[in-house]
Amino acid sequence: MEKLAFITGANRGIGFETAKKLAQSGIKVILGSRDLSKGEEAVQKLSNLGIDADLVQYDAFDEDAPQKVYDYILGKYKKLDILINNAGVLLTGNLFVANSSTIPEKDLKDTFQTNFFSVISLTQKLLPLIKKSSAGRIVNVSTILSSLTLHSAKDSPITPAKELAYNASKTALNAFTVHLANELKDTNIKVNSGHPGWVKTELGGPNAPVEVEDSYKTSFNLATLGDDGPSGQLFHENDTLPW
Ligand SMILES: NC(=O)c1ccc[n+]([C@@H]2O[C@H](COP(=O)([O-])OP(=O)(O)OC[C@H]3O[C@@H](n4cnc5c(N)ncnc54)[C@H](OP(=O)(O)O)[C@@H]3O)[C@@H](O)[C@H]2O)c1
């Protein structure tokens, strides 16, 4: 049976590119999209490239969404090989603000809902399906801006990027990666965080140096790791980054 991947936030940006590349490598992909009409447009774009992608609605604010996704995958495919927790938000729209002393609690909570809490609910719910895979792979799409080591270093390239909600939610996501990887260390499942690079998407903005077409690499690599591959680390492409 062919491998199956579910990618959240796959209707555009890095999630879409990752789904496309996985599909082109022979993996069946299910796109997660909170807006079904946007998801259908993405499925059509893939269809124009000869890719037969599936679609399921997934909104990080819908507390019933993990169960609905679970039911859909169980009913149609019985198991899941790859989960890419890709959906994410930067609510201020600006990575280069220093807002720790001013950020409204609502922005903080809404960011954590999408970038952290919903990831845990979804992963917990789908884990029984991933355990049925002979090589389960969980990819948490993080960022170099999650790194406390780099944030606290002198002269780090990320020093000017101090938007609290986004950065802290991804630091928390990394904690989930490390803890879950440890819990699953005696299974076939690998759990890693990935930094895709600074990418020209709606979230990354127009000044980002990486084109969206090149943004799939880290998630793709982590989703297709061999049995001897790492677990519980933060990567950018083939390099590890400090926590
Ligand atoms: N771009 C970068 O430079 C960069 C760097 C490091 C890490 N990342 C990470 O890469 C991931 C993808 O980012 P991107 O740059 O591709 O961003 P993007 O183009 O803005 O796409 C974000 C995706 O997440 C979805 N999404 C947002 N809120 C959601 C919710 N409540 N429920 C379900 N889906 C939701 C969006 O759906 P809609 O279309 O419906 O809004 C969209 O599909 C994020 O986790 C981001 O933190 C990006």
Please go through (1) within 25 Å of S193 (Cα to Cα); (2) in a helix (DSSP H, G or I); (3) within 9 Å of the ligand (Cβ to nearest atom); (4) open to solvent by 30 Å² or more (accessible area, probe 1.4 Å) for D59 and return the number of the only condition it doesn't satisfy. (2)
Going by the structure shown, is I84 touching a strand residue (DSSP E or B) at 6+ places or on another chain (Cβ under 7 Å), open to solvent by 10 Å² or more (accessible area, probe 1.4 Å), within 13 Å of the ligand (Cβ to nearest atom) and at pLDDT 95 or above? no
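Does D155 meet the test of being open to solvent by 40 Å² or more (accessible area, probe 1.4 Å), modelled with pLDDT under 95 and not basic (K, R)?
yes
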Selection from segment 128-152 of residues under 22 Å from V89 (Cβ atoms) and surrounded by fewer than 20 Cβ atoms within 10 Å (Cβ to Cβ) yields L148, L150, H151
For segment 128-154, name all the residues that are part of a loop (DSSP other than H, G, I, E, B) and free of Cβ contacts under 8 Å to residues at least 12 places away in the same chain. A153, K154
State yes or no: is L173 within 9 Å of the ligand (Cβ to nearest atom) and touching a Ser or Thr at 6+ places or on another chain (Cβ under 7 Å)? yes
Looking at segment 206-243 only, could you name the residues that are in a loop (DSSP other than H, G, I, E, B), over 20 Å from I27 (Cα atoms) and in contact with a strand residue (DSSP E or B) (Cβ under 9 Å, 6 or more places away or on another chain)? A208, P209, E211, P230, S231, G232, Q233, L241, P242, W243
What number goes with the only condition from (1) within 13 Å of the ligand (Cβ to nearest atom); (2) basic (K, R); (3) within 21 Å of L122 (Cβ to Cβ) that R137 does not pass? (1)
The residue that is nearest to K132 (Cα to Cα), considering only those in segment 197-220 that are near the ligand (Cβ under 6 Å from one of its atoms) and touching a Phe, Trp or Tyr at 6+ places or on another chain (Cβ under 8 Å), is G204
Those residues of segment 98-118 that are open to solvent by 100 Å² or more (accessible area, probe 1.4 Å), part of a helix (DSSP H, G or I) and more than 14 Å from the ligand (Cβ to nearest atom) come to a total of 2
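Can we say T92 is among the hydroxyl-bearing types (S, T, Y), away from the ligand (no atom under 15 Å from the Cβ) and surrounded by fewer than 21 Cβ atoms within 10 Å (Cβ to Cβ)? Show your work before the answer.
On the way: among the hydroxyl-bearing types (S, T, Y): yes; away from the ligand (no atom under 15 Å from the Cβ): no; surrounded by fewer than 21 Cβ atoms within 10 Å (Cβ to Cβ): yes.
For T92, the condition - among the hydroxyl-bearing types (S, T, Y), away from the ligand (no atom under 15 Å from the Cβ) and surrounded by fewer than 21 Cβ atoms within 10 Å (Cβ to Cβ) - is not met.
Conditions tested, residue by residue: (1) outside any strand (DSSP E or B); (2) open to solvent by less than 10 Å² (accessible area, probe 1.4 Å).
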{"site": "N174", "(1), (2)": "yes, yes"}
{"site": "T177", "(1), (2)": "yes, yes"}
{"site": "V191", "(1), (2)": "no, yes"}
{"site": "G204", "(1), (2)": "yes, no"}
Hey, can you tell me all the residues within segment 11-47 that are within 11 Å of the ligand (Cβ to nearest atom), assigned to a loop (DSSP other than H, G, I, E, B) and among the polar types (S, T, N, Q)? N11
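The values are calculated or read from the model by the stated rules, or taken from the named source; none is laboratory data. Fair warning: this is a prediction, and the values are worked out from it, not measured in the lab. For neighbour counting, all protein chains shown are included, and Cβ atoms are generated from backbone atoms with ideal geometry for every residue, glycine included. Ligands, DNA and RNA are stripped out before the accessible areas are found, and what is left, the full protein with its side chains, is counted by its heavy atoms. Shrake-Rupley method; radii C 1.70, N 1.55, O 1.52, S 1.80 Å.
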